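First up is the structure itself, then whatever we jot down about it.
The values are calculated or read from the model by the stated rules, or taken from the named source; none is laboratory data. Please read all numbers here as calculations on a predicted model, not as lab measurements. For neighbour counting, all protein chains shown are included, and Cβ atoms are generated from backbone atoms with ideal geometry for every residue, glycine included.
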Amino acid sequence: MARAEAVMSRSRVLVCRRNVGGTACDHGTDWSRGWVILRADASHPTAAVVRMWGGNQSMAVTGPHAGLSFQPNGMTATAASFSISAPECSGPRVRKLVVSLVGTTRRDKGECR
């Protein structure tokens, strides 16, 4: 959804761990509290909330510390991955969402730690 918003609005879009109010980013790797999609462009220098999701405290969700930024062409500045698992995870039950530099995603399975 963030990539599509970047392409459609022709602006930079950031998906990041949300702050308590759901209005801005709160840097960190624990995304269990939820995340927010923000759009910023030359005509709107202040980031506008496109969409916000509340967290699920019963799941462990980790993502990039500073979020993930999509450029107007749909590409990212850096590849990133997100991991989702249950707190009592064991074996190959971690699910990963991997985002490439060109903005495409794939799902992978991983081992619990």
Kindly provide the set of residues from the stretch 58-74 that are within 12 Å of LEU14 (Cα to Cα), surrounded by fewer than 17 Cβ atoms within 10 Å (Cβ to Cβ) and aliphatic (A, V, I, L, M), ordered by number.
-> ALA66
Return yes when VAL94 is free of Cβ contacts under 8 Å to residues at least 60 places away in the same chain, under 19 Å from VAL36 (Cα atoms), surrounded by 14 or more Cβ atoms within 10 Å (Cβ to Cβ) and of a type outside the set (Gly, Ala, Ser) and no when it is not.
-> no
Please enumerate the residues belonging to the stretch 1-22 that are within 17 Å of ALA66 (Cβ to Cβ) and either aromatic (Phe, Trp, Tyr) or more than 11 Å from the chain's Cα centre (by Cα) (or both).
-> ALA6, ARG12, ASN19
From VAL20, VAL13, VAL7, which residue is touching a strand residue (DSSP E or B) at 6+ places or on another chain (Cβ under 6 Å) and aliphatic (A, V, I, L, M)?
-> VAL13
Within the stretch 53-95, how many residues are within 15 Å of CYS16 (Cβ to Cβ), touching a Lys or Arg at 6+ places or on another chain (Cβ under 6 Å) and among the hydrophobic types (A, V, I, L, M, F, W, C)?
-> 1
Evaluate the following for THR46: is it of a type in the set (Val, Ile, Thr) and at pLDDT below 85?
-> yes
